[in-house]
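Novice: Structure provided below as structure tokens; questions to follow.
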Amino acid sequence: DSPYSIGLEVFDARGKLVAKALKKTLGCRGSVQRVEAEVANANLWTPDTPYLYRLKMSLFDGQGNELHCIEWRAGIKESSQDKHTLNGKPVFLRGYGDDHVYVKEFSMPADKAMYVERLRKIKALGFNHVRLHSTIMPPEYYEACDEVGMMLHF
């Protein structure tokens, strides 16, 4: 039996706590722990309405003291590539391939503002989808896609 537990908190875009869960860990080093929190009446993410929640996952000791936490933002969505649906509705992908050529920057920058600006221009041209070519982008790129409303294909 492990003295540790994992907590998950979900906050809406205004910062209001909308869901939380606490799970005692199984205590096996390197094991995957799954914590789920249900968000009632969730605002679903779409390219036209890219609603993002803030999530906080914490590790607690046996006395309930927070030892470590991580936070990130994410949209809630359900997609099916074989049925071409997003949140149960048909979706038409209007996309392009990003070959990640950075003439000015020379290499992939970790500049979310730059990615947001580029993706907004691409979105204004009518695109809602990007296929990444042979690379893993920095976290700032994925965050920018979520904020702008750009669907990804790896």
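Novice: Can you pull out the residues in segment 124-154 that are in a helix (DSSP H, G or I) and either surrounded by fewer than 18 Cβ atoms within 10 Å (Cβ to Cβ) or in contact with a strand residue (DSSP E or B) (Cβ under 8 Å, 6 or more places away or on another chain) (or both)?
Specialist: At the first step, the residues of segment 124-154 found to be in a helix (DSSP H, G or I) are 124, 139-148.
If the condition is that a residue be in a helix (DSSP H, G or I) and either surrounded by fewer than 18 Cβ atoms within 10 Å (Cβ to Cβ) or in contact with a strand residue (DSSP E or B) (Cβ under 8 Å, 6 or more places away or on another chain) (or both), then Ala124, Pro139, Glu140, Tyr142, Glu143, Cys145, Asp146, Glu147 are the ones that fit.
Okay, residues lined up against (1) free of Cβ contacts under 8 Å to residues at least 24 places away in the same chain; (2) polar (S, T, N, Q); (3) within 26 Å of Ile136 (Cβ to Cβ):
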site	(1), (2), (3)
Arg14	yes, no, no
Lys20	yes, no, no
Arg29	yes, no, no
Val39	no, no, no
Tyr53	no, no, yes
Ser58	no, yes, no
Ala74	no, no, yes
Ser80	yes, yes, yes
Gly95	no, no, yes
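Novice: While we're looking at this one, here's another question. Just checking, which of Glu36, Glu71 is out of contact with any Ser or Thr (no Cβ under 9 Å at 6 or more places or on another chain), open to solvent by 90 Å² or more (accessible area, probe 1.4 Å) and part of a strand (DSSP E or B)? I'd like the intermediate steps shown before the answer.
Specialist: Working: Glu36 fails: part of a strand (DSSP E or B).
Of the residues listed, the single one that is out of contact with any Ser or Thr (no Cβ under 9 Å at 6 or more places or on another chain), open to solvent by 90 Å² or more (accessible area, probe 1.4 Å) and part of a strand (DSSP E or B) is Glu71.
Novice: Taking segment 63-116 as the search range and keeping residues that are touching a helix residue (DSSP H, G or I) at 6+ places or on another chain (Cβ under 6 Å) and farther than 30 Å from Glu38 by Cβ, which one is modelled with the lowest pLDDT?
Specialist: To start, the set of residues in segment 63-116 that are touching a helix residue (DSSP H, G or I) at 6+ places or on another chain (Cβ under 6 Å) comprises 75, 110, 112, 115-116.
Those left that are additionally farther than 30 Å from Glu38 by Cβ: 110, 115-116.
Numbers: Ala110: 88, Tyr115: 93, Val116: 97.
Here the residue is Ala110.
Novice: So Ser107 passes all but one of these: (1) touching a residue at least 40 places away in the same chain (Cβ under 8 Å); (2) surrounded by fewer than 16 Cβ atoms within 10 Å (Cβ to Cβ). Which condition number does it fail?
Specialist: Against the list (1) touching a residue at least 40 places away in the same chain (Cβ under 8 Å); (2) surrounded by fewer than 16 Cβ atoms within 10 Å (Cβ to Cβ), Ser107 comes up short only on (1).
Novice: A further question follows. Could you list, in sequence order, all residues of segment 41-68 that are in a strand (DSSP E or B) and either touching a Ser or Thr at 6+ places or on another chain (Cβ under 6 Å) or within 16 Å of Ala19 (Cβ to Cβ) (or both)?
Specialist: Step one: of segment 41-68, the residues in a strand (DSSP E or B) are 44, 53-60, 66-68.
Selection gives Leu44, Tyr53, Arg54, Leu55, Lys56, Met57, Ser58, Phe60, Glu66.
The values are calculated or read from the model by the stated rules, or taken from the named source; none is laboratory data. Computed from a prediction, not measured in an experiment: that's the story for all the values here. FYI the Cβ positions are ideal-geometry reconstructions off the backbone, even for glycines, and counts take in every protein chain you see. Accessible surface areas use protein heavy atoms only, side chains included; no ligands, DNA or RNA. Shrake-Rupley method; radii C 1.70, N 1.55, O 1.52, S 1.80 Å.
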